[in-house]
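The values are calculated or read from the model by the stated rules, or taken from the named source; none is laboratory data. Since the model is a prediction, treat every value here as computed from it, not as a measurement. In this analysis, Cβ positions are derived from the backbone assuming ideal geometry, glycine residues included, and neighbour counts consider all displayed protein chains.
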Amino acid sequence: MKNVLVVISGPSGVGKGTIARIITEKNKNVALSISCTTRFPRDGEKDGREYFFVGRDDFEKGVSENGFLEYSEHFGNYYGTPKDFVLKRLKSNDVLLEIDVNGGLNVKKSFPEAVLIMVVPPSLEELKARLVGRHTESAKDIKLRMDRIEYELSKSSYYDYTVVNDDLHRAVEKIEEIILKEKNK
Ligand code: 5GP
């Protein structure tokens, strides 16, 4: 069986982070990639666990040295996938990237064999309730994120698979099945 590069995307608040964490905890062959970002850590986040938190200068240096598989800017901050980190891990593991839609499509350009999975909410109302409920964003940020949701969902037709997160465990199982199927292709 080959190792696969799997991209999980979906609107902010859809639960993709939780899904990615459960999959990597349950499946020791699947390594979660850690992105770099210039945004400040939220309460409870740790450098080198959720993200590598870096300054803008360091990030821009990484860009100029071609150190990212892809990167983009959201809400005024940079986010990028460290190239070395992913390529090294892919030699021994499946690698899971949890990144936005543009990032996923950019990864597909450089890695056509990457498997793109879009996680979608059962409804937009449900998603807004989740975003408000986690109390980590201001009202202005929530509005910005809601505006982005429609854009993200409009790109789902370019993704290889769409998984509805109406039930966390069912969504995890569906993604595990996709990974297994792709590994055996
Ligand atoms: P958050 O600030 O909520 O952690 O993430 C904001 C957005 O950045 C999310 O849509 C998340 O998927 C995206 N993101 C996280 N890491 C990366 C990355 O490495 N590259 C890109 N393009 N987007 C990322």
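Among the candidates V101, V120, which residue alone is surrounded by 20 or more Cβ atoms within 10 Å (Cβ to Cβ) and out of contact with any Asp or Glu (no Cβ under 7 Å at 6 or more places or on another chain)?
Values: V101 fails: out of contact with any Asp or Glu (no Cβ under 7 Å at 6 or more places or on another chain).
The unique qualifying residue is V120.
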For R130, only one of the following conditions fails: (1) more than 14 Å from V14 (Cα to Cα); (2) of a type in the set (K, R); (3) under 18 Å from the mean Cα position of the chain (by Cα); (4) modelled with pLDDT under 95. What is its number? (1)
Of all residues in segment 11-31 being over 14 Å from L97 (Cα atoms) and of a type in the set (D, E, K, R), the one that is farthest from the ligand (Cβ to nearest atom): K28
Candidates I142, I117, I149, filtered to the one that is without any contact (Cβ under 8 Å) to a residue 40 or more places away in the chain and β-branched (V, I, T): I142
Flag for L105 being under 18 Å from the mean Cα position of the chain (by Cα) and under 22 Å from S154 (Cα atoms): yes
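When the residues of segment 1-10 are narrowed to those that are within 10 Å of the chain's Cα centre (by Cα) and of a type in the set (A, V, I, L, M, F, W, C), which ends up farthest from the ligand (Cβ to nearest atom)?
Taking the candidates together, the pick is V6.
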Regarding segment 126-145, can at least one residue be identified that is within 9 Å of the ligand (Cβ to nearest atom), out of contact with any helix residue (DSSP H, G or I) (no Cβ under 8 Å at 6 or more places or on another chain) and not aliphatic (A, V, I, L, M)? yes
Count of residues meeting criterion [more than 10 Å from the ligand (Cβ to nearest atom) and surrounded by 15 or more Cβ atoms within 10 Å (Cβ to Cβ)] in segment 32-46: 2
So A114 fits all but one of (1) surrounded by 12 or more Cβ atoms within 10 Å (Cβ to Cβ); (2) of a type in the set (G, A, S); (3) more than 17 Å from the chain's Cα centre (by Cα); what number is the exception? (3)
Would you mind stating whether R49 is more than 10 Å from the ligand (Cβ to nearest atom), in a loop (DSSP other than H, G, I, E, B) and of a type in the set (D, E, K, R)? yes
